Number of protein chains: 2
Amino acid sequence: MEWSIQEIARVSGTTSRTLRHYDDIGLLPPTRIGSNGYRYYDEHALTRLQRILLLRELGLGLPAIAEVVDGHQANADALTNHLRWLRQEKERLDRQIRSVETTILKMEGGEQLMAEEMFDGFDHTQYREEVEERWGKEAYAAGDRWYRSLSAEQKNRFRQDQLDIQRDYAAALEAGKPADGDEVQAITQRHFDWISVGWRGTHPNAQQFVGLGEMYVADDRFGANYGGIEGARFVRDAMAAYAERKL
Amino acid sequence: MEWSIQEIARVSGTTSRTLRHYDDIGLLPPTRIGSNGYRYYDEHALTRLQRILLLRELGLGLPAIAEVVDGHQANADALTNHLRWLRQEKERLDRQIRSVETTILKMEGGEQLMAEEMFDGFDHTQYREEVEERWGKEAYAAGDRWYRSLSAEQKNRFRQDQLDIQRDYAAALEAGKPADGDEVQAITQRHFDWISVGWRGTHPNAQQFVGLGEMYVADDRFGANYGGIEGARFVRDAMAAYAERKL
DNA sequence: CTTGACCTTGACGCAGCGTCAACGTCTAGC
DNA sequence: GCTAGACGTTGACGCTGCGTCAAGGTCAAG
């Protein structure tokens, strides 16, 4: 009893293309090949195919399946390994889902993706264009709403904190302290906390924090606040060191 | 202020290859291209890159990211869609994990992947070779253990059920009943249940059930039990009809 | 002038087939 | 005996997002 490629495909619920593929990779060679080149399969091939399809439904890769059906690996071992990998994938997905959810929440809550870090305590409206380009229009509007929602006292507090940080950075640079030394890193810790206030609820990750430091260097409007290009580079280095150690 | 491709790659935590790729697909063209062909990026490009990388960390595809950063789609919309897809993927993974878990359990419990269906109530040792080829050595051993673990009464019950099913199929065929008619399908329901007993706890899925029917036709040792090739084809058709409607 | 770091443009590889394309073969009906 | 139509064959590209050579220019420092 033997069947053509289409017949086998039908009864096994797959396609002839798949069977040809399995032949190509040596996973399931046809039982016989006619003089016309046609592939023919018998019951042995059919049962082998069914084992293959079963394992594939469980998500195993074709090389792994080959190991199993060729008897080089026990079913249980292969499946256990596979299960480990599936669980890892699930973990990854879960983390990503949580990230996306909190990101959406932040946007809906008006916090808007790292917009606030741009409001370095100054008249933030002057950065409107740049913020919009950088983070989108909603970002600017949301950040603006947030900043405006602060009481005068809160605003002053926020600005004063930042001025203190700037001043301490400047002093440290003046005094020749290393950017990655403990003293400067203590300032950077406050800097990080200060930024986190603007992010209400979360913190920047390492990459974001480092990127922000780069922007201080890249944009002299920010650089000016940290003592020009020199100061900006110093602060950037301090931030990078902080990110590397703590983030 | 502009940077070379490597510099941008370093501060953004990605690779130059990725940046070239983003250039190739038009997602992030360099700000300037030197006469030597070198790519140079400025702050605008850097901030755009950071938006891109942030979205990519959330798992969005590059085309979707392009939609967002080019302002053709709102952040929230894109992320909400993405979240839906992530949840679906998680569902899929969960189902697959459960499948693999139960499969492993079945194997450990000695039930062993559809081995029992081969023991069509007869002296199953005569099928040893075939079962081993079909489902692996453990499958035979496990099925054997299972069958042997039954009490004499249970064995008789099991065999008697099957004989009844065979007899009823034969009578229906004799009477010219259609394989997909209600009467025959009622027999097939019992047939399905009978097989499920051997599977203790789960049932064959549509593909497996249909495949089993095909084997009755393919292998005359089984076919004989259902009234030769005629009977086997009839049973196979009934099983296929059942699978299509109920599985 | 050399060395080494950095830049460029191809192009293959991966997983698992879907999907043409271009072209033989088989079967049934006229 | 011919023809239509179903089915078979072997390529080969496409998809996702780059990693990874390969072969060869460019640039800054010694």
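The values are calculated or read from the model by the stated rules, or taken from the named source; none is laboratory data. Fair warning: this is a prediction, and the values are worked out from it, not measured in the lab. Cβ sites come from the backbone with ideal geometry, for glycine too, and all protein chains shown count toward neighbours. Note: areas computed on protein heavy atoms with side chains; ligands, DNA, RNA excluded. Shrake-Rupley method; radii C 1.70, N 1.55, O 1.52, S 1.80 Å.
Label-point spacing for B:H72 across the identical copies (point 7 Å from Cα in the Cβ direction), in nm and ascending order: 4.6. Think of a 1.4 Å ball rolled over the protein heavy atoms: the stretch A:2-73 then has 49 Å² of accessible area per residue.
Peptide packing: for A:1-10, B:85-94, the average count of neighbouring Cβ atoms within 10 Å per residue gives the ranking A:1-10, B:85-94, highest mean first.
Please list, by residue number, everything in the stretch B:82-105 whose backbone N is under 15 Å from a paramagnetic label point 7 Å out along Cα→Cβ of A:T80. Zone members listed by number: B:101-105.
What average number of partner chain Cβ atoms lie no more than 10 Å from the Cβ of the residues making up A:78-85?
3
Within 10 Å of the Cβ of each residue in B:95-104, the mean number of Cβ atoms contributed by other protein chains is 5.
For a paramagnetic label modelled on B:E2 (point 7 Å from Cα along Cα→Cβ), amide N atoms under 14 Å away belong, within the stretch B:37-73, to B:37-46. Given R0 = 22 Å, the distance between the Cβ atoms of B:R56 and B:T31 translates into a calculated FRET efficiency of 0.60. Distances, shortest first, from the label point of A:Q6 to those at the same position in the other copies read 6.0 nm; the point lies 7 Å along Cα to C-beta. Please report the base-10 log of the normalised intensity I(q)/I(0) for the stretch A:2-73, using a Debye sum with one equal scatterer per alpha carbon and no solvent, at each q in 0.17, 0.19 (1/Å). Ignoring solvent entirely, the Cα scatterers give -0.57, -0.71. What the Cα convex hull of the stretch B:54-93 gives, in volume per residue, is 58 Å³. Shielding by partners for peptide A:43-54, expressed as the average number of C-beta atoms from other protein chains within 10 Å of each residue's C-beta, is 5. Here is how far apart the A:E174 label points are across copies: 11.1 nm, shortest first, using a point 7 Å from Cα toward Cβ.
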